[in-house]
Amino acid sequence: MSENKALVGAAVIGQSGGPSAVINASAYGVIKTALAADCITEVYGAFHGIKGVLDERLMDMSKEDPAELELLLHTPSSALGSCRYKIADPEVDDTDYKRILEVFKKYNVRYFFYNGGNDSMDTCNKVNRYLKSVGYECRVFGVPKTIDNDLFGTDHCPGFSSAAKYIATSIMEVSRDCQVYDTGMITIVECMGRHAGWLTAAASLAAEKGDGPDLIYLPERDFSMDQFLDDVIAVYKRKGECLIAVSEGVHYADGTFVSEAKTSGTDGFGHAQLGGLAARLAGIVKAATGAKVRGIELSLLQRCAAHCASGRDIEESFNSGKVAVESAIAGESGKMVGFRCERENGYVCHYELFDLEKVANFEQKVPASWINAEGNNVTKDFVDYCAPLIQGDANMPFEDGLPRFAQLKRHFV
């Protein structure tokens, strides 16, 4: 239920989790809209997300050059700084929450916007729950971001579309490179995606242009090394070459990650840090076939490629921040902005509010019906879903032949 009354006070915007090519477009949507709102007295950026609140490291966004702020539309990564900090349930340990409340009271913060993915929505939900429990009036909003595209409820997530466009483009380019020599090559491209295969599935868009992968493997299906080798050898014998896209998080039937780097460490939320899968699979395929094999790990490139961003993604990301502020001012709280999209008669995106309680810690995976029976590719249904999302160019500004990114002053209060 919304509380239909004006709430006067400051706003805080924080960013959390892995960055993307358009997370700053969402932050700009929040900042620009909040700065223009009469009831919002100050707009602060939390330096390194919730850690910035706890450490009282707040930046006064009103002191930034408006032209520099506008450049956030085309600036990758997290301009306000990010973190991976897991706060406990407030019912178990309220130490962090007491500190957050102390900072919020000091600066009269009445609006809190948190820009991130699954874990960030969990943090946002916990903060909202605590503030309500102690009777502190503050409107809390989640502004979605995740290239993994696994936030529950929403049609898709800001950041995914641009990463999907980069992956499909890179696959097309790699495909052409692999066809140069008279000796065929097997190429394995590793894409991000711990539990959900949306990003890897985006490689199928390249196939629509004739330069796509022959095989696609997602974590939604258990991985069999024997079947994988059979698939690769069959394609290689038929074509004399083979291009494969595989999610970093593919796992065996017992849940063990195929990646040999699965034990390299964990992030602040206990998630395995994956990587090195392409190289490992390349070695196994080389030993089994004797062919020339190359493993390519896209790694951070797929989430910071602002030069290849989707114009539609930039627009929707900005609007998600804008809608969050407008909805909070109107009295909503404890929500995340999400998308409901129509595709039957042209693409239309509607902005909707989702309860944080229902979004936090739920992962949305690629539907089973969108994966082929063999488990080594996706169906046309995925292409029809994803193709509208990558439309439009970034149109980013350049200076001396290189991208012109925002340069914030970071004026701390």
(message) Less than 15 Å apart at the alpha-carbon level, and either on another chain or at least 8 residues along: which aspartates and glutamates does that give for K98?
(response) D55, E56, D89, E137
(request) Select from V366, A202, G9 the residue farthest towards the positive end of the dipole of the chain; place +1 on Cβ of Lys and Arg, -1 on Cβ of Asp and Glu, and compute about the Cα centre. (result) G9
(request) Could you give the C-alpha radius of gyration of segment 18-93 expressed as a fraction of 2.2 N^0.38 Å, taking N as the number of residues it contains? (result) 1.20
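Over all distinct Cα pairs, what is the inverse of the mean 1/r for segment 69-114, reported as the Kirkwood hydrodynamic radius in Å? Before the final figure, lay out the partial values.
Details: mean 1/r = 0.0750 Å⁻¹.
Mean inverse Cα-Cα distance, inverted, gives 13.3 Å.
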(message) Which order do you get for K358, K365, K51, K237 if you rank them by accessible area with a 1.4 Å probe, largest at the top?
(response) K237, K358, K365, K51
(request) Specify, per residue and in Å³, the volume enclosed by the convex hull of the alpha carbon atoms belonging to segment 311-366. (result) 104
(request) Specify the angular offset, from 0 to 90 degrees and rounded to the nearest 10, of the alpha carbon long axis of helix 160-178 from the longest principal axis of the alpha carbons in the chain. (result) 20
(request) Take the chain, connect every pair of alpha-carbon atoms lying under 10 Å apart with a spring to form a Gaussian network, then pick out the residue of P403, P76, P219 with the largest mean-square fluctuation. (result) P403
(message) Spelling out what I want: for every residue of segment 84-95, take phi, set θ = phi - 60°, compute 6.51 cos²θ - 1.76 cosθ + 1.60 (Karplus), and round to whole Hz; glycine and proline get x.
(response) 10, 10, 9, 8, 5, 4, x, 6, 9, 8, 9, 4
(message) Over 15 Å apart: what share of the alpha carbon pairs of segment 336-413 falls there, rounded to a whole percent?
(response) 76
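So, for the chain, what is the accessible surface per residue at a probe of 1.4 Å, expressed in square angstrom?
Accessible area per residue: 41 Å².
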(request) Go through A164, S175, V140 and say which Cα lies farthest out towards the positive end of the charge dipole of segment 109-184; charges sit on Cβ, +1 for Lys and Arg, -1 for Asp and Glu. (result) V140
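Mind scanning K106/K126; K51/K126; K86/K335; K286/K365 and naming the pairs with a C-alpha gap bigger than 24 Å?
Beyond 24 Å: K286/K365.
Would you work out the charge dipole size for segment 134-181 about its Cα centre, treating the Cβ of every Lys and Arg as +1 and the Cβ of every Asp and Glu as -1, and quote it to the nearest 20 debye? Don't skip to the answer; put the middle values down first.
Details: 4 positive and 6 negative charges, 22 e Å.
So the dipole magnitude of segment 134-181 works out to roughly 100 debye.
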(message) Need the list of lysines near K292 for cross-linking: C-alpha distance under 30 angstrom, and skip anything on the same chain fewer than eight residues off.
(response) K165, K209, K237, K239, K262
(request) Could you sort 117-126, 207-216, 156-165 so that the peptide with the highest average Cβ count within 10 Å comes first and the rest follow in order? (result) 156-165, 117-126, 207-216
(request) Compute the signed sum of charges (Lys and Arg +1, Asp and Glu -1) over the other residues within less than 15 Å, Cβ to Cβ, of E220. (result) -4
(request) Compute the separation of the alpha-carbon centres of segment 218-252 and segment 79-130 and state it in Å as a whole number. (result) 42
(request) Compute the long axis of helix 118-133 from its Cα atoms, compare it with the longest principal axis of the Cα atoms of the chain, and write down the angle in degrees, 0 to 90, nearest 10. (result) 20
(message) Using only DSSP helix segments of four residues or longer, with each worth -39500 (n - 2.57), what per-residue ellipticity at 222 nm results for the chain after dividing by its residue count and rounding to 500?
(response) -10000 deg cm²/dmol
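Restricting to Cα pairs below 8 Å that are 6+ residues apart, what does the relative contact order work out to for segment 163-239? Please round to a whole percent. Write out the running numbers ahead of the final one.
Details: 71 pairs, mean separation 23.8, N = 77.
Normalised by residue count, the contact order of segment 163-239 is 31 percent.
Taking the DSSP beta bridges in the chain as the whole, what percent of them are antiparallel, to the nearest 5? Mind dumping the intermediate values first?
Values: 18 of 53 bridges.
Once the DSSP bridges in the chain are tallied, antiparallel ones form about 35 percent.
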(message) For the chain, I need the span (max minus min coordinate) of the C-alpha atoms along each principal axis, in Å, sorted largest to smallest.
(response) 69, 49, 40
(request) Output the relative contact order of segment 5-134, whole-number percent, from Cα pairs under 8 angstrom with separation of 6+ residues. (result) 37
(request) Would you mind computing Rg(Cα) / (2.2 N^0.38 Å) for segment 254-413, counting N as its residues? (result) 1.38
(request) Mind jotting down the distance between the C-alpha centroids of segment 154-215 and segment 370-413, whole Å? (result) 13
(request) Hand me the GluC sites (Glu not before Pro) from segment 30-70 located in a DSSP loop with no more than 16 other Cβ atoms within 10 Å, in residue order please. (result) E56
(request) At most 14 other Cβ atoms within 10 Å and a DSSP loop assignment: could you name the chymotrypsin sites (Phe, Trp or Tyr not before Pro) in segment 354-413 that fit? (result) F362
(request) Determine by what factor the alpha-carbon radius of gyration of segment 106-190 differs from 2.2 N^0.38 Å, reporting the quotient. (result) 1.78
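The values are calculated or read from the model by the stated rules, or taken from the named source; none is laboratory data. Every value quoted in this text rests on a predicted model; they were computed, and no experiment measured them. Every residue, glycine among them, receives a Cβ derived from its backbone with ideal geometry; neighbour counts consider all protein chains shown. Just so you know, the surface numbers come from the protein's heavy atoms only, side chains and all, with ligands and any DNA or RNA stripped out. Shrake-Rupley method; radii C 1.70, N 1.55, O 1.52, S 1.80 Å.
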